[in-house]
1. Only Lys, Arg, Asp and Glu count, each charged at its Cβ (+1, +1, -1, -1), so figure out the dipole size of the chain about its Cα centre, rounded to 20 debye.
2. Could you pull out every residue, at least 5 positions away or on a different chain, whose amide H is within less than 5 Å of the one on Tyr155? Hs are placed 1.01 Å off N in the peptide plane, and Pro or chain starts have none.
3. Provide Leu100, Leu91 ordered by accessible surface of protein heavy atoms (probe 1.4 Å), highest first.
4. Using DSSP to call loops (not H, G, I, E or B), can you name the GluC sites (Glu not before Pro) in segment 51-145 whose Cβ has at most 11 other Cβ atoms within 10 angstrom?
5. If amide H atoms are built 1.01 Å from N in the plane of the peptide, which residues on other chains or at least 5 residues away come under 5 Å of the amide H of Met8?
6. Could you compute the net charge surrounding Arg41? Neighbours are other residues with a C-beta less than 12 Å from the C-beta of Arg41; K and R count +1, D and E count -1.
7. Any idea what diffusion coefficient the chain gets from Stokes-Einstein, in µm²/s, Kirkwood Rh on alpha carbon pairs, 10 °C, 1.306 mPa s?
8. Going by the alpha-carbon gyration tensor, a ≥ b ≥ c the square roots of its eigenvalues, is segment 1-59 rounded (a/c under 1.5) or, if a/c is not under 1.5, prolate (a/b greater than b/c) versus oblate?
Amino acid sequence: MARIVYAMLTSLDGYIAGPDGDIALPVPEEELHRHFNDMMRQTSIALCGRRIYEAMRFWDSPDRETSASEVERDFAHAWRDTPKIVFSTTLREVGPNARLVQGDVENVVRSLKSEADGQITVAGADLAAHLARSGLIDEYRLYMHPVVLGGGKPYFQSGLSLRLRPLGTESLTQGVTLLRYAPAG
């Protein structure tokens with residue numbers, strides 16, 4: 001059975017995007033980028049909401065092969081090699097190695113979790129909140145940047161109530177602190 005991990009970069013005040021919806025957090029430099037490359041390679045399936053998937057489609061571009069740095073090319077390969085399930089009611093098609101799901105998120109994810117092995121990652125606060133309410137997330141990873149955005153899209157959706165137990169912390173480059181939690185009960 002797979003483990004589902006919700007992992008996102010966040011500001012100290014808990015936002016994954018700024019007030020205008022843009023990712024206003026610092027871009028990962030090489031060492032931090034390598035951490036995320038390793039995490040992507042360890043991912044057996046990536047679950048994405050529409051907004052995060054559209055932002056990540058950047059990594060599907062063939063331009064990433066010629067104009068990017070080595071660490072970016074490595075991430076692009078890992079991204080393209082990882083099967084993706086995209087949950088959206090508005091998208092009509094998705095790119096390579098991706099499957100579009102437009103309904104019954106909970107049953108699709110329960111099935112994936114029971115049939116897959118390894119780590120399934122979740123990207124997108126709305127999708128993560130839906131899965132959290134269904135008790136499907138096994139671990140929360142908050143990559144906290146030492147910046148304050150003052151508002152925007154929160155890591156934890158408003159109204160979501162969870163009891164969590166700490167699994168550990170790790171200091172990473174760029175002043176980022178990884179906070180890991182699991183459901184408490």
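1. On the way: 20 positive and 24 negative charges, 141 e Å.
Its charge dipole is roughly 680 debye.
2. Distant-sequence amide H within range of Tyr155: Tyr15, Ile16.
3. Per-residue accessible area, sorted high to low, gives Leu100, Leu91.
4. Glu93
5. Under 5 Å from the amide H of Met8: Arg141, Tyr143.
6. Details: positive: Arg34, Arg80; negative: Asp38, Asp74, Asp81.
Once all neighbours under 12 Å are counted, the net charge is -1.
7. Translational D for this selection: 94 µm²/s.
8. Verdict is prolate for segment 1-59.
The values are calculated or read from the model by the stated rules, or taken from the named source; none is laboratory data. Just so we're clear, the structure is a prediction, and the values are computed from it rather than from any experiment. Every residue, glycine as well, gets a Cβ built from its backbone with ideal geometry; the counts of neighbours run over all protein chains shown. Just so you know, the surface numbers come from the protein's heavy atoms only, side chains and all, with ligands and any DNA or RNA stripped out. Shrake-Rupley method; radii C 1.70, N 1.55, O 1.52, S 1.80 Å.
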